[in-house]
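Student: Below is one structure. I have some questions about it.
Please treat every number below as a calculation from the coordinates, not as lab data. Treat the numbers as computed from the prediction; the structure is a model and nothing was measured. Note that each Cβ is placed from the backbone with ideal geometry, even for glycine, and that neighbours are counted across all protein chains shown.
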Amino acid sequence: MVREIVLFGDPVLREKCRPVTEITDAITALAADMVETMEAADGVGLAAPQIGEDIQLAVVDVSDAEEPMTFFRVNGEPASLTDWMPLKFINPSLAFPSRDKASMKEGCLSFPEVRAEIRRPDVVHATVTLLDGRTITIETDGLFSRALQHETDHLNGILFIDRASPAVKLTLKRKIQKMWDEYAR
Ligand code: ZN
């Protein structure tokens, strides 16, 4: 089922989400709905708070991107996107092994009209639990790394605009204010 996506202004997007302690049928069904919702909206990721649920659950699918990453390893072994997408995960924790950063235009399904240049660490080591209970570590870079970072931020109440440089924030100010006013109405 495609769910309604929560837009900026809704306080749920600022919640620090609760860890998932048990993978129930309800969690599995919610994750399936999130994949459908992400696909319908043509997104590369979606976090539970974006459909109004304050739990640490997110989905990512970068398999349609032209160059989603330059490498992808699961538990240290080379892995293929076709085996892992769409990725549904709970309780992520991220580590950044390098200081190298990358800049990329980023969007968010909760901000339909906003795109902004955001700098983030390029390589990520993401430890996530899958819905079958396995905990794995993903090592990757590029768009895949960015999507994992963006969705994990959502689960901590952090939005991509928070990561924009002061200069970029200034250019976004009117659009953000407009969204805020629209939500308040
Ligand atoms: Zn987002």
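Student: What fraction, in whole percent, of alpha-carbon pairs in the chain exceed 24 Å separation? Spell out each step's value before the answer.
Tutor: Values: 5952 of 17020 pairs.
Pairs farther apart than 24 Å: 35 percent.
Student: Ok, one more. So what are the ³J(HN,Hα) numbers for region 47-53, from phi and the Karplus equation (6.51, -1.76, 1.60; θ = phi - 60°), rounded to whole Hz, Gly and Pro as x?
Tutor: Coupling constants for region 47-53: 10, 3, x, 6, 10, x, 10 Hz.
Student: Moving on to the next point. Percent relative contact order of the chain, based on C-alpha pairs within less than 8 angstrom and at least six residues apart? List each step's numbers first, then the result.
Tutor: Details: 354 pairs, mean separation 48.0, N = 185.
Reported relative contact order: 26 percent.
Student: So if we plug the beta-carbon distance of GLU117 and GLU22 into 1/(1 + (r/R0)^6) with R0 = 41 Å, what FRET efficiency do we get, rounded to 0.05?
Tutor: Working: r = 40 Å, r/R0 = 0.97.
The value I calculate is 0.55.
Student: Assign unit charges at the C-beta atoms only (+1 for Lys and Arg, -1 for Asp and Glu), then state the dipole size of the chain relative to its Cα centre in Debye, rounded to the nearest 20.
Tutor: With Lys and Arg at +1 and Asp and Glu at -1, about 980 debye.
Student: Calculate, for LYS175 and ASN75, the FRET efficiency according to 1/(1 + (r/R0)^6) with r their C-beta to C-beta distance and R0 35 Å; round to the nearest 0.05.
Tutor: Given R0 = 35 Å and the Cβ-Cβ separation, E is 0.30.
Student: Okay, which of region 120-143 sit inside 15 Å, backbone N to the point 7 Å along the Cα-Cβ direction of ALA102?
Tutor: It comes to 120-126, 139-143, nothing else.
Student: On full extension of the chain, what length is gained from ALA65 through MET1, given 0.36 nm per residue of separation minus the C-alpha to C-alpha distance? The partial results should precede the final answer.
Tutor: Numbers: separation 64, 0.36 × 64 = 23.04 nm, distance 2.40 nm.
Length difference between fully extended and current span is 20.6 nm.
Student: Let me ask you something else. Over region 54-155, what relative contact order in percent results from Cα pairs under 8 Å that are six or more residues apart?
Tutor: It comes to 34 percent, rounded to a whole number.
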